[in-house]
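Reading through the structure tokens given below for one structure.
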Amino acid sequence: MNIVRVDNYEEMSKASARYIIDKVKANRKMTLGLATGSTPKGTYQYIIEDHKQKGTSYQQISTFNLDEYIGLSAKDPNSYHFYMKDVLFNHIDLPLNHTHIPNGDVLDKEEECVRYEAKVKESSIDLQILGIGANGHIGFNEPGTSFQSETHVVALAESTREANARFFPSIDDVPTHAITMGIASIMASKEILLLVSGEAKSEALERLLSDQLPSEDFPASILKTHPRVTIIADNEALMATGITR
Ligand code: PGA
């Protein structure tokens, strides 16, 4: 795993946007794997800024998102469908019919998982952007998820619901389940860019960078076995690791 250390969230966002833009310029038809949450928001802002100022085009790019809550419609402001339009899709020239997000608002969730996984496999993700949960989750793959998992329905860990409650009126409004790409689906990406910012993630990052063998009780640990992972992490996130410039 290649580690890029940056000073703070702003610098992480700039560096990751630059990383993604360079890849897009090198392969105009690439398939990007996208993440939601607080971590990639700044990256998306810089991608939008670059698109507006320098005209980088996403017309032939396809995207796949990692996950979606179950039970929220695409119009719900807390759905990841809404989030992606709000923070990225509405502001660049990426055709909406090139974007893919699991649909958490269907009757047959299992069928939706099979459909989504088949789409991901058919397209093959060139670069997957990832955040990490304080408990080591990637996507919504909570501790204990099989490393062999494909797109599936998950029960969210209480700690994840608590962490995400900040976006909802109350914790009771946070969905209990989600559809997520599995760990095997994520690992099939040709390349992975992991973004880590802030003290709240420092223990998780320390564990990821430790000598411990990959273990299903810490999902992100599987990334050690992927041949092309770049981690862009800020000082606060790296503080527990002893890694200095
Ligand atoms: P965050 O979430 O970016 O909102 O911290 C990351 C994650 O839980 O994967």
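Okay, here's what the table says:
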quantity: Long-range neighbours under 9 Å by Cβ, at least six apart or interchain, first residue in a strand (DSSP E or B) within segment 209-233, second crowded, with 20+ Cβ neighbours inside 10 Å and among the basic types (Lys, Arg); calculated: Ala233/Lys201
quantity: Residue within segment 37-54 that is open to solvent by 10 Å² or more (accessible area, probe 1.4 Å) and part of a strand (DSSP E or B) present; calculated: no
quantity: Hey, Ile243 touching a strand residue (DSSP E or B) at 6+ places or on another chain (Cβ under 9 Å), assigned to a helix (DSSP H, G or I) and open to solvent by 10 Å² or more (accessible area, probe 1.4 Å) or not; calculated: no
quantity: Selection from segment 193-219 of residues that are more than 14 Å from Arg5 (Cα to Cα) and of a type in the set (A, V, I, L, M, F, W, C); calculated: Ala200, Ala204, Leu208, Leu213, Phe218
quantity: Residue among Asn78, Asn65 that alone is buried (at least 21 other Cβ atoms within 10 Å of the Cβ) and under 20 Å from Gln45 (Cα atoms); calculated: Asn65
quantity: Selection count, segment 96-121, where residues are over 20 Å from Asn141 (Cβ atoms), under 20 Å from the mean Cα position of the chain (by Cα) and open to solvent by less than 60 Å² (accessible area, probe 1.4 Å); calculated: 2
quantity: Answer from Leu130, Leu208, Leu194 - the residue that is modelled with pLDDT of 95 or more, at negative phi, touching a helix residue (DSSP H, G or I) at 6+ places or on another chain (Cβ under 6 Å) and surrounded by 14 or more Cβ atoms within 10 Å (Cβ to Cβ); calculated: Leu208
quantity: The lone exception for Ala220 - which of (1) away from the ligand (no atom under 15 Å from the Cβ); (2) of a type in the set (Gly, Ala, Ser); (3) touching a His at 6+ places or on another chain (Cβ under 8 Å) it fails; calculated: (1)
quantity: Residue count, segment 151-160 (criterion: within 20 Å of Asn65 (Cα to Cα) and away from the ligand (no atom under 11 Å from the Cβ)); calculated: 5
quantity: Verdict on Asn141 being under 23 Å from Ser38 (Cβ atoms) and in contact with a strand residue (DSSP E or B) (Cβ under 7 Å, 6 or more places away or on another chain); calculated: yes
quantity: Tally, over segment 219-245, of residues that are within 18 Å of the chain's Cα centre (by Cα) and modelled with pLDDT under 95; calculated: 0
quantity: Subset of segment 161-174 that is among the hydrophobic types (A, V, I, L, M, F, W, C) and within 15 Å of the ligand (Cβ to nearest atom) - its residue that is least open to solvent (accessible area, probe 1.4 Å); calculated: Val174
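The values are calculated or read from the model by the stated rules, or taken from the named source; none is laboratory data. This one's a predicted model, so the numbers in the text were calculated from it and none came from an experiment. Neighbour counts are summed over all protein chains in view; Cβ atoms, including those assigned to glycine, are modelled from backbone coordinates with ideal geometry. We work out accessible area using only protein heavy atoms, side chains counted, and drop any ligands, DNA or RNA first. Shrake-Rupley method; radii C 1.70, N 1.55, O 1.52, S 1.80 Å.
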